[in-house]
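Peer 1: A single structure is presented below for examination.
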Amino acid sequence: MSLKGIILRHNKNTAQMPSEPLPLPNKVSIPMQQSIGAPCDVLVKKGDKVLVGQKIGDSDKYMSVPVHSSVSGTVTGISELLLVSGKVCKCVDIETDGEQKVIDGIKPPVVTDRDSFCRAIKESGCCGLGGAGFPTHVKFGFDDKKFSVDTLIINAAECEPYLTGDHREMLENTDSIFEGIAHIKKNLGIENVYIGIEKNKPDAIKLLSEKAAQQGGIKVVPLKEKYPQGAEKVLVYNITGRIVKEGKIPADEGVIVINVSTCGFIGDYMRTGMPLVSRRMTVSGDAVKKPCNVIVPLGTSFKKVLKFAECDFDGMEKAIAGGPMMGIDLFDLHDPVCKTHSGVLAFKKKNKEKEPLQTNCIRCGRCIEACPVGLMPTVLEKAFDNKDRETLKKMKVSLCMNCGSCTYVCPAKRNLAEKNQLAKALLRT
Amino acid sequence: MEKLTVSPSPHIRSGASTSRIMLHVLIALMPAMVMSAVLFGGRALVLTSLCILSAMAWERLCCLIMKRPDTTDDLSAMVTGMLLAFNLPPTLPLYMAVIGTFVAIVIVKMIFGGLGQNFANPAIVGRIVLMLSFTSAMTNWTMPKTVTDAVTSATPLASDDKAYSYWDLFIGNCPGCLGEVCAAALIAGGIYLVIMKVICVHTPIAFVGTVFVYSWLAGEDPVYQILSGGLMLGAIFMATDYVTTPVCKKGKVIFGIGCGIITCVIRFYASYPEGVSFSILIMNIATPYIDMITLRKPIGAEKPKKEAKTDEK
């Protein structure tokens, strides 16, 4: 039995395109908050010379991830920028010198136990690369008196249309993924490892199954092509049958879920000691002439990335950071790429008249059939419109993970997922 | 490039739309319309067209008076008009049909707020109002043209002995309303709707199944009961109306069973020979309560302390 969901057109036109490095931009702007948690304090000042891998932002808070420079060059200033996420945050602007000189002292971390492993992971600047950006060291640093974790799930579902970054990671960085798994297994004392891959990536399933067969305790699980297969709770249920309860985390059910690209990075980091300074992104959408996968230094502007893919800037009207289902619209193409951006999609102007208009809810129940966590979006929408907090609480709007399936299927073109987010905000006030 | 469109996720939408769903229903009604023309001649088409046009006219007029955007292009008024026409005898005076669409569209649908806001099925109420107001005109049955001695006669349910074979009932060789006589055409339309995922089979199966079982237990001929009267039309096209029936599958089954029981009670014990419309109307009224007891329990939700009983599972 698997949870409900919807069938999407994959549009993964970049799946067979090997990742290319983006030409070094002449300037980057690195935000001090790229993950969930506290923003970092800036460690450099205007005029400083910085090198690749140099820590330029850190915080003493546990729920925070340090930030490293992705380039070598000179700090031209500290600016305040309104990021895609809607938060204002300090950014370190660096003019690159083109040398990409790496800072001294980059060497594999010495890890002896779980604590030192978590400390090393924190120092690497690692956070969830799938999109949410949860600090990985916090995930690994669970209280082992409270939780007994026996299962690690590597999330390689990549259920969002267009995006192929995780797919390329599996094909191009296979060994690092398994190294990463080995480190996590050893240091966290986890027995079972599952790699969940949607069936639309048969080459990755085949390759990883072969590699997994050489090592014990790792199982590749082909998953149905059903959105949102890669959502944490959905993945945990579909692979292990365990239900992550309301307000709980997977560790409550003995499971840790990490993204496959995060895992690959951990493998790389444990081997080289190079912190997180670049990431793989998919550039696609109908306004892009040359869809591709690129390795982007963090802090590069989206515009540079789109330009590399020969985007038609005049003909486009929409740019999305992330996938089309859960990604966030960009309002300024000069915004920098952060650790959580798995792709950027550019779309042409649409013919507005062709799109069906919003009508009243016709109670067709499609949203209820689509919701993976079993909510009733149509009921929630009415409750929100009436500001009916009681019903919103009773009907568990807080469980909505904003996967957008309800809005996608709605024939009346109502913005159900958006209403759920507003309802959650209403309940918080 | 200067102006980027910003909207909340998701940024893609499925091709489904309200008007497309209504179009599917209209397509599904086509076989029954063709059969009504074959069985009752050109007047059937005249009556159907008049109902469709007047229904759309009423809706447009309402939108104008209420200063709302015109909603006729969602095609729901066409569906209502067509369904009402299918519930009328072929001899009905035309002005009565217009009164019927007035009741359906203006009183039942638009006054409550238009599409999605009405609590009862507009076509059903239109038919019931006509039935009570113009009883003799609404029960003036003629035999189909395909039968040689085409004269006024009783419907299969009203006649005492079984005047019609199963085959007659299945293909529509019997007197009755425009769209209800040919069970085969209605079932074909129903299969189309299920394949196109417009309706799910729960309500029709529960409705027809209940009538079958009840008739069998009550000593009536179950096959005769499910093929005659407006049962197929009601079960496939009226009891599956999204707006006035429960949203959950479980609720749809309860709705279907309720309709079946009420239909049989009216048919067997009341003075009306036919009970499909009344049963659907009564269950329409019960729908909010069925919805209340069939709320879906979210996965992983902590049990609410008080409402534990009303939850599913």
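None of the figures in this text is laboratory data; all of them are computed from the coordinates on show. Since the structure is predicted, the reported quantities are computational estimates derived from the model, not experimental observations. Heads up, the Cβs are rebuilt from the backbone with ideal geometry, glycines too, and the neighbour counts pull from every protein chain shown.
Peer 1: Report for segment A:114-272 the percent antiparallel among DSSP-assigned beta bridges with both residues inside it, nearest 5.
Peer 2: In segment A:114-272, DSSP labels about 5 percent of beta bridges as antiparallel.
Peer 1: Determine, from the Cβ-Cβ distance of A:Asp332 and B:Ser165 and an R0 of 60 Å, the FRET efficiency 1/(1 + (r/R0)^6), rounded to the nearest 0.05.
Peer 2: In this case the efficiency is close to 0.20.
Peer 1: Also: From the cross-link list A:Lys419/B:Lys67; A:Lys185/A:Lys248; A:Lys122/A:Lys185; A:Lys290/A:Lys318; A:Lys49/A:Lys122, which pairs have alpha carbons spaced over 20 Å apart?
Peer 2: A:Lys419/B:Lys67; A:Lys185/A:Lys248; A:Lys49/A:Lys122
Peer 1: At 0.36 nm per residue, and after removing the present C-alpha to C-alpha distance, how many nm does the segment from B:Ser271 to B:Leu61 gain when stretched out fully?
Peer 2: The B:Ser271-B:Leu61 span can extend by a further 71.8 nm.
Peer 1: While we're here: What length, rounded to one decimal in nm, is gained on full extension from A:Lys349 through to A:Leu426, with 0.36 nm per residue of separation minus their alpha-carbon distance?
Peer 2: Between A:Lys349 and A:Leu426, full extension yields 24.4 nm more.
Peer 1: Something else now. Given a Förster distance of 60 Å, report the FRET efficiency between A:Asp252 and B:Ile107 from their Cβ-Cβ distance, rounded to the nearest 0.05.
Peer 2: E between A:Asp252 and B:Ile107, to the nearest 0.05, is 0.65.
Peer 1: What are the lysines whose alpha-carbon lies under 16 Å from the alpha-carbon of A:Lys46, with same-chain residues fewer than 8 places away excluded?
Peer 2: A:Lys27, A:Lys55, A:Lys90
Peer 1: In a Gaussian network model over chain A where Cα atoms closer than 10 Å are linked, find which of A:Asp58, A:Asp332, A:Asp268 has the largest mean-square fluctuation.
Peer 2: So, out of A:Asp58, A:Asp332, A:Asp268, the one fluctuating most is A:Asp332.
Peer 1: Would you kindly state how much longer the chain becomes between A:Lys199 and A:Ile295 on full extension, computed as 0.36 nm times their sequence separation minus their alpha carbon distance, in nm to one decimal?
Peer 2: So the extension gain works out to 32.1 nm.
Peer 1: Can you tell me how segment A:143-250 classifies by the Cα gyration tensor, rounded, prolate or oblate, using a/c under 1.5 as the rounded cut?
Peer 2: Verdict is oblate for segment A:143-250.
Peer 1: If you don't mind, another one. If you take the Cα atoms of chain A, find Rg, then find the Kirkwood Rh from the mean of 1/r over all pairs, what is Rg/Rh?
Peer 2: Dividing the radius of gyration by the Kirkwood radius yields 0.96.
Peer 1: Tell me the Kirkwood radius of chain B: reciprocal of the mean inverse pair distance over distinct alpha-carbon atoms, in Å.
Peer 2: 20.4 Å
Peer 1: Using 31 Å as the Cα-Cα cut-off, could you pick out the over-long pairs in A:Lys233/B:Lys249; A:Lys107/A:Lys199; A:Lys4/A:Lys87?
Peer 2: A:Lys107/A:Lys199; A:Lys4/A:Lys87, as the Cα separations exceed 31 Å there.
Peer 1: Taking N as the number of residues in the protein assembly as shown, what is its alpha-carbon radius of gyration divided by 2.2 N^0.38 Å?
Peer 2: 1.16
Peer 1: Please give the average number of partner chain Cβ atoms lying within 10 Å of the Cβ of each residue in A:396-405, rounded to a whole number.
Peer 2: Other-chain Cβ atoms within 10 Å of each residue's Cβ, averaged: 3.
Peer 1: Let's test this: bin the Cα-Cα distances of segment A:240-316 at 10 Å from zero up to the farthest pair and state each bin's percent.
Peer 2: In whole percents, the pair-distance histogram is 16, 29, 23, 24, 9, 0.
Peer 1: Can you pull the one-decimal nm distance between simple spin-label points at A:Val88 and B:Ile27, each 7 Å off the Cα toward Cβ?
Peer 2: Between A:Val88 and B:Ile27, the label points sit 5.4 nm apart.
Peer 1: Return A:Tyr162, B:Tyr242 ranked ascending by Cβ neighbour count within 10 Å, so the fewest neighbours appear first.
Peer 2: B:Tyr242, A:Tyr162
Peer 1: Fewest to most neighbouring Cβ within 10 Å: what's the order for B:Glu302, A:Glu253, A:Glu246, A:Glu198?
Peer 2: Arranged by neighbour count, lowest to highest, B:Glu302, A:Glu253, A:Glu246, A:Glu198 become B:Glu302, A:Glu246, A:Glu253, A:Glu198.
Peer 1: Follow-up. So if I take the centroid of the Cα atoms in segment B:1-61 and the same for segment B:66-103, what is the distance between those two points in Å?
Peer 2: Value for the Cα centre distance between the two parts: 13 Å.
Peer 1: A follow-up question, please. Quick check for me: using +1 on Lys/Arg Cβ and -1 on Asp/Glu Cβ, what's the dipole size of the protein assembly as shown about its Cα centre, in debye to the nearest 20?
Peer 2: Using Cβ point charges on Lys, Arg, Asp and Glu, the protein assembly as shown gives about 880 debye.
Peer 1: Output the relative contact order of segment A:65-202, whole-number percent, from Cα pairs under 8 angstrom with separation of 6+ residues.
Peer 2: 20 percent
Peer 1: Okay, next question. Quick one: check the C-alpha center-to-center distance for segment A:319-380 versus segment A:40-100, whole angstrom.
Peer 2: Centre-to-centre (Cα) distance: 31 Å.
Peer 1: Then there's this: Taking Rh as the Kirkwood radius computed over C-alpha pairs, what is the Stokes-Einstein D of segment A:366-428 at 20 °C in a medium of viscosity 1.002 mPa s, expressed in µm² per second?
Peer 2: 192 µm²/s
Peer 1: Suppose we keep just the DSSP beta bridges with both residues in the protein assembly as shown; what percent of those would be antiparallel, to 5?
Peer 2: 60 percent
Peer 1: For the residue pair B:Val194 and A:Arg389, what label-to-label distance in nm results when each label sits 7 Å from Cα along the Cα-to-beta-carbon direction?
Peer 2: If labels sit at B:Val194 and A:Arg389, their model points lie 4.7 nm apart.
Peer 1: Using 1/(1 + (r/R0)^6) with R0 = 41 angstrom and r between the beta carbons of A:Lys145 and A:Lys46, what's the FRET efficiency to the nearest 0.05?
Peer 2: Once rounded, the FRET efficiency stands at 0.30.
Peer 1: What nm distance separates the two modelled labels at B:Ile293 and B:Ala137, each placed 7 Å from Cα along Cα→Cβ?
Peer 2: 4.1 nm
Peer 1: Mind checking which helices in chain B clear 20 Å along their axis (Cα) and have mean Kyte-Doolittle hydropathy of 0.0 or more, DSSP H runs only?
Peer 2: Membrane-span-like by this criterion, though nothing is claimed about a membrane: B:18-40, B:42-65, B:202-217, B:249-269, B:276-293.
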